[in-house]
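> Dumping the structure here so I can ask a few things about it.
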Amino acid sequence: MIVTTTVTFSGCIEKNEVIPEPESLHNATPNISATTPVPPLRIKHNPEISIVSFSSLYIRNNRDEESLEYTYNLTEWYYAAYNLSIKNNGPDTIDFKVNDLHLRAGDQLFNTTTRKPYTLSRLEVLEDLKNEKRIENMTISLSPGQTVNGSVIFCVDSLYDRSFLLMYNATPVTSTSFEESLEALEAAERFDYSRVFGIRSHSSWDEYIYKHDPEEHPSIWSNWVNRSVLELYKTFDLETVQGSQPDQRPDNIPRIWYAIKVVSKRNLTVVSGNRLLVIDDFGDELINKSQNSGVAILQNGTYELQPELVIDIPQITIPDATIAQISYECACGGGMEMHLTYNNQDIILDDELNMMLVRYYKIKYIS
């Protein structure tokens, strides 16, 4: 770019007399057409980064990693995981450096971590994350037009909120469809699933109790889960610790795993049958679940619940839909005196955040 500047002093334009150059200088001027052309400067391109899915994890444990003994010290871990599609749209080969990815959360900036928070196979969100290709501490050379996929994980200070912003160097990685997917995830976490499943959030083994009473009903399970159920269990954890007595066993403090996942907006087809099979426009299977405690389908403004033994899902097309998934585990006790609760939920929301289909699968175990 050429910038032309006129300098004015006291309202007058300075004049300079032009003196003709000597003839010898003209004769010494090289032939420009005969010189080697200077190539134009190449503009450095950043890769095009798209968020395929996003997961947020919470882990609460009180087991010492070295002694493997349960203590009264509760340790909390939070993770944010991004499954990314990375494409080189430029004319030249470029290097994508994973270490240049950062997550901004308010005033804090987090780097990627190599920790692996997915050791439990019963939690479907964690199992999906475990099966994704992990990219970390590497540089990926991308030729023009090449696309690679992989996930990165950040160890953060909280479950996700709207301040989370993925950055590549100083460039934000975001899109309208992803922001709308987060709105769908928030709606799924706030939803009262007793409306669709017809059961309370908690129960004892006999299914009749709906109020948490640790003294009368020490073994309590969650039938379904959302953010308020998680917060309830976290509160009882703290009450147990604060009111702990010398004869109270620390392994009776609930240990919690909570994971949520959102898949960015897609055109979805729910395939008819007795299992939940969901594909997108490209034929990719986004959900394929045969284990169900029930499936609720929104039809004519009301939810039709199909219980476990009579599931017959009709074919449904849902354009511009978002998938939200929630997994939860709570374990108390140890050895032959343990009880556990597992919950896995799949929620499909339309572009107006209506819950079009909800599948849940719960497991209660006591030894």
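> Do we have Ile256 as outside any loop (DSSP other than H, G, I, E, B), farther than 30 Å from Leu74 by Cβ and modelled with pLDDT of 90 or more here?
no
> A further question on this structure: Applying the selection to segment 91-114, what residues are of a type in the set (A, V, I, L, M) and surrounded by fewer than 17 Cβ atoms within 10 Å (Cβ to Cβ)?
Of everything in segment 91-114, just one residue is of a type in the set (A, V, I, L, M) and surrounded by fewer than 17 Cβ atoms within 10 Å (Cβ to Cβ), namely Leu109.
> While we're looking at this one, here's another question. Can you name every residue in segment 124-140 that is under 9 Å from Ala259 (Cβ atoms) and in contact with a Phe, Trp or Tyr (Cβ under 6 Å, 6 or more places away or on another chain)?
Scanning segment 124-140 gives Leu126, Leu129.
> Among (1) more than 22 Å from the chain's Cα centre (by Cα); (2) surrounded by 15 or more Cβ atoms within 10 Å (Cβ to Cβ); (3) part of a strand (DSSP E or B), which single condition is Lys265 missing?
(1)
> Sticking with this one: I'm trying to understand the selection: among the residues of segment 163-173, which are farther than 11 Å from Asp100 by Cα and touching a residue at least 24 places away in the same chain (Cβ under 8 Å)?
Hits for segment 163-173 are Ser163, Phe164, Leu165, Val173.
> Looking only at residues that are among the β-branched types (Val, Ile, Thr) and in a strand (DSSP E or B) in segment 114-163, which one is nearest to Glu48 (Cα to Cα)?
Thr147
> Determine the pairs where a residue that is closer than 18 Å to Asn88 by Cβ, located within segment 123-146, has a partner that is basic (Lys, Arg) and surrounded by 16 or more Cβ atoms within 10 Å (Cβ to Cβ) with Cβ atoms under 8 Å apart, the partner being 6 or more residues away or on another chain.
Correct list of pairs: Leu142/Lys87; Gly145/Lys87; Gln146/Lys87.
> Quick one: which strands (runs of 3 or more DSSP E) lie wholly within segment 285-333 and hold at least 3 residues that are surrounded by fewer than 19 Cβ atoms within 10 Å (Cβ to Cβ)?
Qualifying strands (runs of 3 or more DSSP E): 285-289, 302-307.
> Could you run through segment 334-352 and say how many residues are modelled with pLDDT under 85 and surrounded by fewer than 17 Cβ atoms within 10 Å (Cβ to Cβ)?
5
> State yes or no: is Glu132 within 30 Å of Tyr303 (Cβ to Cβ) and touching a strand residue (DSSP E or B) at 6+ places or on another chain (Cβ under 9 Å)?
Against the criterion (within 30 Å of Tyr303 (Cβ to Cβ) and touching a strand residue (DSSP E or B) at 6+ places or on another chain (Cβ under 9 Å)), Glu132 does not qualify.
> Just give me the residues in segment 353-366 being out of contact with any helix residue (DSSP H, G or I) (no Cβ under 7 Å at 6 or more places or on another chain) and crowded, with 24+ Cβ neighbours inside 10 Å, in sequence order.
Result: Leu357, Arg359.
The values are calculated or read from the model by the stated rules, or taken from the named source; none is laboratory data. For clarity, every value in this text was computed on a predicted model and none was experimentally measured. Note that we place each Cβ from the backbone using ideal geometry, even for glycine, and neighbour counts take in every protein chain shown.
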